[in-house]
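Shown next, in structure tokens, is the structure this report addresses.
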Amino acid sequence: MRVISLCPSNTEIMEYLGLTHLLVGVDDFSNWPATIASLPKLGPDLSINMDLVEQLQPDIVLASLSVPGMEKNIEALKERGIPNIILNPQTLRDIEQDLIITAKALGKEERGVEAARHFRTRIEKVKQQSANIKKRPTLYWEWWPKPIFTPGKTNWLTEISEAAGAVNIFHEVELASVQTNWEDVLSRNPDFICLAWVGVRKEKVQKSIIKKRPGFEKLQFSNDDQILILEEELYCRPSPRLLEGLEKLFTLLHK
């Protein structure tokens, strides 16, 4: 099979399935695992070079609707008659199912079922660890600073928070992504601030950016450890790497 992935989360699903060797091309933002570094790059996920996709003669393309605007990729694949499957995970359950769907499309259904079982087992292990936590800290997740965007109820980071023994302060908002403001954040008085800015490397995010915001002192944080700078690739992509993010978050919150 010759497989192309059009977004990082799809590429990471291939790795979790142990099928990365089938990839013949990926989008520009796919950067894990390291073994894909030499593959042809097809452009950013919202501007895929469809001529190059066609030249690579894939047996199947892993398309996605995980980011607004990706619909045009799917339309272009359809117009050119390029075989594809479309993934659109919003929850941990969706990611689990996508492992099965992808593996089945590649003729490896049993591998997908096993990967999904392993995925679920790792989540349950962390949930068991957090089950006895009496005081669950509240978390403010920020995945974009200007304007502020944070995950709402129908987002995997709300699930990740709960599994790690914590609560997303915007968990009641019936949206996947919520545009809000700093005053609203302050009024909810989180115990921790979790910074995972989409597309921004961890090294480029500084705690001072948050501490300089008006009214920060109202939060009465005891120390800088309550501001967590996290790897966006472990929290902002709907892929099995969220498991690594979950396990890390549990350790940071309850150490």
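Points to keep in mind about this one:
- Label-point separation in nm, His118 to Ile86, each point 7 Å along Cα→Cβ: 3.0
- Evaluated with a Cβ-only charge set (Lys, Arg +1; Asp, Glu -1), the range 169-246 carries a dipole of roughly 320 debye about its Cα centre, given to the nearest 20.
- The mean accessible area for residues of the chain, using a 1.4 Å probe and ignoring ligands and nucleic acids, is 48 Å² per residue.
- Percent of beta bridges antiparallel (DSSP, the chain, rounded to nearest 5): 25
- Placing +1 on each Lys and Arg Cβ and -1 on each Asp and Glu Cβ, with no other charges, gives the range 88-155 a dipole about its Cα centre of roughly 420 debye.
- Cα gyration tensor shape of the range 95-188, rounded if a/c is under 1.5, else prolate or oblate by comparing a/b with b/c: oblate
- Cα gyration tensor shape of the range 52-128, rounded if a/c is under 1.5, else prolate or oblate by comparing a/b with b/c: oblate
- Overall, the accessible surface of the range 19-147 at a probe of 1.4 angstrom is composed of carbon and sulfur to the extent of 53 percent.
- Candidates per GluC sites (Glu not before Pro) in the range 139-186, loop by DSSP, up to 13 other Cβ within 10 Å: Glu172, Glu174
- Axis of helix 242-254 versus longest Cα principal axis of the chain: the two differ by about 10°, to the nearest ten degrees.
The values are calculated or read from the model by the stated rules, or taken from the named source; none is laboratory data. All figures in this text were calculated on a predicted structure; none of them were measured in a lab. Quick reminder, even Gly has a Cβ in these numbers, built from the backbone with ideal geometry, and neighbours come from all protein chains shown. Areas reflect the complete protein model, heavy atoms only, side chains present, ligands, DNA and RNA absent. Shrake-Rupley method; radii C 1.70, N 1.55, O 1.52, S 1.80 Å.
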